[in-house]
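What follows draws every value from the coordinates through simple rules; no lab data is involved. The structure displayed is predicted, hence computed values, not measured ones. So basically every Cβ, Gly included, is an ideal-geometry build from the backbone, and we count neighbours across all protein chains shown.
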Amino acid sequence: MAAGQNAGLELRALTTIPEFEEAVELQKVIWGFADIELLPRRLFVVANKIGGQTLGAFDGSRMVAFLIAIPGVKSKGSYYLHSHMLGTLKEYRDRGLGKKLKLMQREDALQRGFQLVEWTFDPLEIKNAFFNIERLGAIVRRYVPNQYGTTSSHLHGGLPTDRCVAEWWIDSPRVNSLLAGKPEPRPHVEARISVPANIAGLRVSDPKQARVIQQEISDQFQLHFRAGLAVIGFENTPEAGIYLLGNYAVSD
């Protein structure tokens, strides 16, 4: 990222109705969702009032990225944040805004006593997977087939919305070391799952083949997760994005 690329950009909490309405409009531009699939203004209002997070990035008065998270509770009574959506306008991507919003989210969460932030992501989105795992230090231990049903978004290509669940243990040694620029040694890799580097193109040119690949990847994830493995790393090659799985203990 070139120096000064983010000059003039401001990150701040979203607190007003007009800001929430702008975040709704950004969903249409970024994902192309039909109106029925948009997160409505009232959800942003509620998240802001019940201990969630509504954050945005602005270029002057224009919102160019946003994040929304809501509080959740595990079956054993522990609290966490579910980071439901983060979106950036196309012309502002690859400028570090996503990471800046996630670090802002982490700082706020730590101040309020949260230890875990979770979100879902498409395992076929190689760039996003690398960011979540290698840049933020999230791990993955769950896979959910077709979590949201088939959507109207052009980004989903008509495929089932299979999702990995990212667990971001925001005060763990893994995350603290990574964010300090001194990542921990990687645990032994027990298995690998490869996603073809051209999967985005296949979604458009050959959706049937893309669906076959998606199902194969789904089967592999679920097999390894049942065996107790977790995604602990991610590698990029010219041919594929590769999930690295191994044993990883989390005190949750």
What ranking do Glu125, Glu10 get, fewest neighbouring Cβ atoms within 10 angstrom at the top? Glu10, Glu125
30 Å Cα-Cα threshold exceeded, pairs from Lys28/Lys99; Lys76/Lys208; Lys49/Lys102; Lys127/Lys208; Lys49/Lys182: Lys76/Lys208; Lys49/Lys182
Which loop trypsin sites (Lys or Arg not before Pro) in region 1-86, with loop taken from DSSP, have no more than 13 other Cβ atoms within 10 angstrom of their Cβ? Lys74, Lys76
Computed FRET efficiency, Cβ-Cβ of Lys28 and Lys76, R0 25 Å: what is it to the nearest 0.05? 0.05
Here Rg/Rh (Cα, Kirkwood) for the chain equals 0.95
Lys99-Val250 pseudo-label distance in nm [points 7 Å out on the Cα-to-Cβ vector]: 2.2
